[in-house]
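Where a number appears in this text, it was derived from the coordinates with a stated rule and is not lab data. Since this is a predicted model, take the numbers as computed values, not measurements. No Cβ is skipped: glycine too gets one built from the backbone with ideal geometry, and neighbour counts run over all protein chains shown.
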Amino acid sequence: MPAQLVDSHCHLDSFNKKQMAGLPEGIIPVTSGYSHKSNLKNAEIARQLHIPFCLGIAPQTAVFEGTARLPEWEAFIRSQNPNAIGEIGLDYHWGKEERHFEDENALFARMLDIAEEMGLPAVLHTRKAEVRVLDALAEYGWKKPFMLHFFSGDAETAKRAVGMGGIISIPPLRSKDRKKAIEATPLLPKRMLHT
């Protein structure tokens, strides 16, 4: 059976008509939400194209929009039966005040709760926070699969993520740290090699 190529994390809601018409044949896109607005769009796109999708509230949303509407956002996510919860996580680039980090941490915990309740993997946004996200997963007792998307950590963090049952996705941006992370990380986790 030939390998199937999957774009594990894209935002088709940001594509224009020409870009949507030019989606490559033979590659399954997994479109991912990051805010309530993008979740609405991505769920509709996924239905139209019959493709997998992720829904979640990303940490920067907590910084820019707060979390007052979280119950409404959660209800929508649950109602759509996504393939994973994401993108979710922590982002230490946008937050500037302690309340931002508190909101991000609370939001991340709620999104993990939803993923746990729905039995879904998590797609994690970890800008400047890879180690802290892995610490948070360990503290939570997370046992399900997860992906660190757009990974920019070091080789040790990559090995730790894989050891915890995760996978990493590497963006097409060259750096010495990314090269070392790629060299230190198996192409497939052990659990996928034995299925």
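Computed extension length for M20-K179: 54.1 nm, one decimal, from 0.36 nm per residue of separation with the Cα-Cα distance subtracted. Can you work out the PRE-style zone for H93? Point 7 Å along Cα to Cβ, and I want the residues of the stretch 108-135 with backbone N under 13 Å. The answer is 125-130.
When the inverse distances between all different Cα atoms of the stretch 15-111 are averaged and flipped, the Kirkwood radius reads 14.1 angstrom. Along the positive direction of the dipole of the chain (beta-carbon charges: Lys, Arg +1; Asp, Glu -1; about the Cα centre), which of F76, L5, A122 reaches farthest? So the residue we want is L5. For the chain, the Cβ-based charge dipole about the Cα centre amounts to some 660 debye (Lys, Arg positive; Asp, Glu negative; other atoms uncharged). The alpha-carbon atoms of the chain, seen along their principal axes, cover 45, 39, 31 angstrom, with the largest extent given first. Ignoring aspartates and glutamates fewer than eight residues from K143 along the same chain, the ones with Cα atoms less than 17 angstrom from its Cα are D113, E116, E117, D135.
Spin-label model, R78/L40: points 7 Å from Cα along the beta carbon direction are separated by 2.0 nm.
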